[in-house]
Amino acid sequence: LQSSMVRDQMPTLIWTTHYNAVDYRQLQRDQVVNHFASIGAFTTKEGLCVNLQNLPWFHRVDPTTFFPRCYRLWAEDERQAFIEDFHLTAARSLLKLAVEKTGDMPRVTEQPDKGAAHATPTGPALPSAPELLEAALKVCRMQLDSLEHRDIDWDSQMLHVTDADWDRFLREYYSVVNKQARLAPSVPQQEQCRALLRQRPQLGMEGDHNLWIIKPGAKSCGRGITCSARLEEVLEVAGKCTASALQVGQWVVQKYVERPLLILGTKFDLRQWFLVTDWNPLTVWFYRDSYVRFCSRPFSLHCLQRHQFQLYLQRAGHAEAWEKVIVPGMKQAVVAALHSAQGLVASRKGSFELYGADFMFGEDCQPWLLEINTNPSMEPCSAVTRRLCAAVQRDTLRVVLDHNKLDHKKNPRCSTGAFDLIYKEVGL
């Protein structure tokens, strides 16, 4: 009866589960809808990967400070960049092993010549096990010189390392990581390792196993994800993925956070809601409440309220981490990700959208953005999420209907619940 009474009425608020369920061309100015069009630029893994790479061109934020480096393996230039990254990460892993586990380190290297450690880089030959650590030092030194433009006078032969050289290097590297061989770094080598490692972004989350995660670019809930610490396996999995019936370009490979912050030895991530009510000017609301999801064997989903998480951080010696590191870092990551896609989203006055960002944290509590989800699940899985999911939906309507008003006139006196306005672009 109610449905028949309103079937001929024009709705003023449209709430759908998918943006493509609405014909935006037919919408009236006064109709409010809970989606924007063309949001795949930051809500798919591939879109987030490619657009954050372009972020420094128009927004003064370095994406490597909050987003684990990521590559689309179907793109030839990015595939090659990933291979180079894998090689360099393996070299850094050896440096870290030499520094962190000197006491029981493998014996793979002999003592180098006294002058070898300070010689001008001549391009690592990457030959055999006795020279493995020295080769890794040269690789890292060459990369640093290249980044600081100190390599302009090098001969091209000095920079050339063949695929066969790298294959041999990786075989020896795998033998060290799998504890089949031993390093014995000299004191000068340890000092060089420390000096080179201090100058690398994302070092704190890398670990020493060179683990990468392969993700389908447009799926959620962990479907289709696989991990590997071997280059040939990553390339093989990616090859099978792109050769399947799935569309080319759906798969990305991303550096795995090997040294995460743990709670009672358990890995977890955090779901953080945020709301966009306008793209021009960009207007972002950040929800004060969030929840933590834990991994276990067999897999299950548990939730921990924000206040409990803060209490745990205090007991773990990170009393100020939530307010000074975690929340500011998450806010910066969200705004930066939106800026990276701002020119690609179809902006419309009267639209809004709620998103769910997933974060992990390093041992230093540094937040790492994993992905941004449209249509974040509001299905309660516990008493905590039952309360939070209902609250975030209610507060979304408070912001959109009460604060912003259907006629687009602001009413700052209205409550916005637990949503805080964290960013509104000026000058547009």
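What accessible area per residue comes out for the stretch 6-98, rounded to a whole number of Å², with a 1.4 Å probe?
Spelled out: the 1.4 Å probe surface of the stretch 6-98, per residue, equals 50 Å².
Would you work out what percent of the accessible area of the stretch 23-100, with all protein chains in place, is carbon or sulfur (probe 1.4 Å)?
49 percent
Under a 5 Å amide H to amide H cut-off, with H placed in plane at 1.01 Å, what residues pair with residue 362 once short-range neighbours are removed?
Here the answer is 261, 368, since their amide H atoms fall under 5 Å of that of residue 362.
Using a 1.4 angstrom probe on heavy atoms only, work out the carbon and sulfur share of the accessible area of the stretch 263-364 in %.
So the carbon and sulfur contribution to the accessible surface is 52 percent.
Between residue 32 and residues 5 or more places away or on another chain, which pairs have amide H atoms under 5 Å apart, with H built 1.01 Å from N, and which residues are they?
The list, which skips near neighbours in sequence, is 13, 14.
Of the peptides 168-178, 7-17, how do they stack up when ordered by the mean number of other Cβ atoms within 10 Å, highest first?
Final packing ranking: 168-178, 7-17.
Could you pull the Cα extents of the stretch 1-61 along its three principal axes, largest to smallest, in whole Å?
54, 22, 18
Say each of residue 195 and residue 280 gets a label point 7 Å from the Cα, pointing the same way as Cα to Cβ; how far apart are those two points in nm?
In this crude spin-label approximation the distance works out to 5.2 nm.
Heavy atoms only, 1.4 Å probe, whole protein assembly: order 179, 324, 96 by accessible area, highest first.
Largest to smallest exposure gives the sequence 179, 324, 96.
Pop out the ³J(HN,Hα) list for the stretch 64-78 in order, Karplus 6.51 cos²θ - 1.76 cosθ + 1.60 with θ = phi - 60°, rounded to Hz; leave Gly and Pro as x.
With coefficients 6.51, -1.76 and 1.60, one gets 5, 7, 9, 10, x, 4, 9, 9, 9, 6, 6, 8, 4, 5, 6 Hz.
For the peptides 289-295, 88-94, 21-27, what is the packing order when you average, over each peptide's residues, the other Cβ atoms within 10 Å and list the highest mean first?
By packing density, highest mean first, the sequence is 88-94, 289-295, 21-27.
When the chain is fully extended, how far beyond the present Cα-Cα distance does residue 225 get from residue 28, taking 0.36 nm per residue of separation?
Full-extension gain reported as 66.8 nm.
Cβ neighbours within 10 Å, averaged per peptide: list 54-63, 350-359, 69-78 in order, most packed at the top.
By packing density, highest mean first, the sequence is 350-359, 69-78, 54-63.
The values are calculated or read from the model by the stated rules, or taken from the named source; none is laboratory data. What you see is a predicted model, and the numbers here were worked out from it, not measured in a lab. All Cβ positions, glycine included, derive from the backbone under ideal geometry; neighbour counts span all protein chains shown. Areas reflect the complete protein model, heavy atoms only, side chains present, ligands, DNA and RNA absent. Shrake-Rupley method; radii C 1.70, N 1.55, O 1.52, S 1.80 Å.
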